[in-house]
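See below for the structure under consideration.
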Amino acid sequence: MPSDITIPMLLLSVLIGYVLGIFSGLVPGIHTNNFALMLVALSPMLMDSGILPTYIATAILANSLSHTFHDIIPAVYLGAPNDDMALAVLPGHRLLLEGFGSEAISLSALGSAGSVAFSLIIAVPLAFAFSKIYPTLQNYLGLLLLLISISLILSEKGEYIINQGSFVKYKYKAYALILFVLTGFLGLFAFRMEASMHPLIDFGAPSILLPLLSGLFGASQLLISLLSGSHIPPQRYSRIELPAKRIVRGVITGSAAGSIVAWLPGISSSIAAVLARLFIKSDFDRKKDSKDRDNEYEDEDACEGYYRYDDDEFYRDETMESSKEFIVSVSGVNTANAIFGLFALAVIGKTRSGAMVAVDELLDAASLTAQDLILFLLVIATTALLSYISTIAIGNNIHRLLAKLDYSMICITVLLGLALMSLLFTGFFGLLIFVIAIPLGMSASFMKIRKSHAMGVILLPVILYFL
């Protein structure tokens with residue numbers, strides 16, 4: 001530890017960043033970049049007061065990591081995602097309506113914590129490897145994203161129907177392609193017209209992703225829940241019901257995909273989540289396993305988690321398992337990105353997030369030493385431990401508050417809130433994009449295909465940019 005760094009001040013910096021991460025994670029529309037920019041703006045005054053730049057950078061790093069733990073909570077309980085957790089809305093919301101909302105939070109916390117442990121193990125060798133192949137990857141990035149998109153579309157199986165014809169599966173792949181292209185054109189239009197955004201409230205750099213992803217993944221699902229008369233059922237306690245091999249696979253795929261975000265330009269956490277999605281089995285038909293049928297359960301409650309009871313038989317619900325594994329994976333993506341972003345800054349001097357831009361301004365990347373990296377890794381480990389505990393605690397208790405409220409009113413309030421945030425932070429143009437995105441997001445449910453194909457809104461513009 002540098003001689004001028006004291007443990008009490010370091011812990012205070014971690015605590016401040018951790019609390020800011022809770023706030024930004026729980027409040028839709030507030031991003032870690034907002035606090036990072038705020039702390040950088042205040043840094044001259046803070047340094048004049050004797051606060052070292054390392055302490056400010058520590059708070060920013062702790063904030064970005066804490067945020068990746070807590071942002072699952074509004075995504076699951078409110079259907080209000082930020083940019084990074086957009087794809088977690090659908091599986092998380094489904095688990096909520098099945099009575100497993102707190103388990104979804106616990107799985108996300110486990111995925112983030114597991115990602116921290118796994119990332120710290122592979123960070124150094126992966127940093128060495130990426131530093132060698134980085135120039136080559138840059139040249140073929142567009143082609144790589146195109147192949148990923150094609151694989152995503154071809155993996156679509158749609159809804160399983162007994163005695164369906166052999167050509168039905170191609171119908172769902174066609175639907176997936178249509179959704180990918182339509183959302184891609186919306187993304188192209190939105191990004192090219194980004195200058196038309198005139199936010200009513202200047203809260204840092206406005207992002208067109210706010211109305212795009214809020215409409216496609218948040219508001220669309222809330223509107224479907226509202227129209228179908230859904231309600232929040234009694235929630236079971238957060239006992240994790242997912243095979244260990246799926247948890248491990250979710251952590252590994254999420255961490256690996258998250259590392260890509262930190263190293264390659266143009267790759268967002270949302271795109272990395274799509275990449276991780278390809279490695280998660282997600283058959284939409286319910287497959288009965290003879291071993292599962294032989295289990296001597298006496299009631300349905302004994303099967304809670306990922307078993308279902310139908311026609312006097314118990315079977316493993318593959319869709320439920322894949323939803324849970326995906327939550328583990330997408331949470332790992334965001335947390336790994338926060339960690340590997342630090343190594344990308346130190347090794348190649350590149351920043352891939354607002355937090356790392358702020359850290360680079362405070363501490364010149366060229367001056368970072370191995371001692372500094374070790375210090376920041378300890379900060380990451382401490383923040384991860386605190387965040388894991390608080391995420392589970394909040395996830396286990398927030399449903400008690402929501403149970404006292406009318407779910408339809410919650411949906412309407414959050415819908416209006418998302419529309420208001422789009423208006424305030426991106427102006428009338430952002431509100432227009434938000435409204436257009438909603439029916440596109442809803443169409444995935446009507447076509448019985450995965451909503452992840454709507455990530456064409458980001459993938460298609462990025463592919464065309466690099467190609």
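Nothing in this text is a laboratory measurement; each read-out follows from the coordinates by a stated rule. Just so we're clear, the structure is a prediction, and the values are computed from it rather than from any experiment. Cβ: placed from backbone, ideal geometry, glycine included. Neighbour counts: every protein chain shown.
For a test of the definition: using alpha carbon positions, the gyration tensor, and the 1.5 limit on a/c, classify the stretch 365-440 as rounded, prolate or oblate.
Oblate is the answer for the stretch 365-440, as a/c is 1.5 or above yet b/c matches or exceeds a/b.
May I ask you to evaluate 6.51 cos²θ - 1.76 cosθ + 1.60, the Karplus curve with θ = phi - 60°, for each residue of the stretch 115-124 and list the ³J(HN,Hα) values in order in whole Hz, giving x for glycine and proline?
5, 4, 4, 5, 5, 5, 6, 9, 4, 5
Starting from the stretch 344-443, pick out the trypsin sites (Lys or Arg not before Pro) whose DSSP state is loop and whose Cβ has at most 13 other Cβ atoms within 10 Å.
K404
With θ set to phi - 60° and the Karplus curve 6.51 cos²θ - 1.76 cosθ + 1.60, what are the ³J(HN,Hα) couplings of the stretch 258-264 in order, to the nearest whole Hz, using x for Gly and Pro?
Values, residue by residue: x, 5, 5, 4, 6, 9, 9 Hz.
Through the Karplus equation 6.51 cos²θ - 1.76 cosθ + 1.60, θ set to phi - 60°, convert the phi angles of the stretch 169-175 into ³J(HN,Hα) values in whole Hz; use x for Gly and Pro.
4, 6, 4, 5, 5, 5, 4
Given H placed on each backbone N at 1.01 Å, which residues far from K350 in sequence or on other chains put an amide H within less than 5 Å of it?
The list, which skips near neighbours in sequence, is L345.
Around A57, under 13 Å between beta carbons, what's the net of Lys plus Arg minus Asp minus Glu among the other residues?
-4
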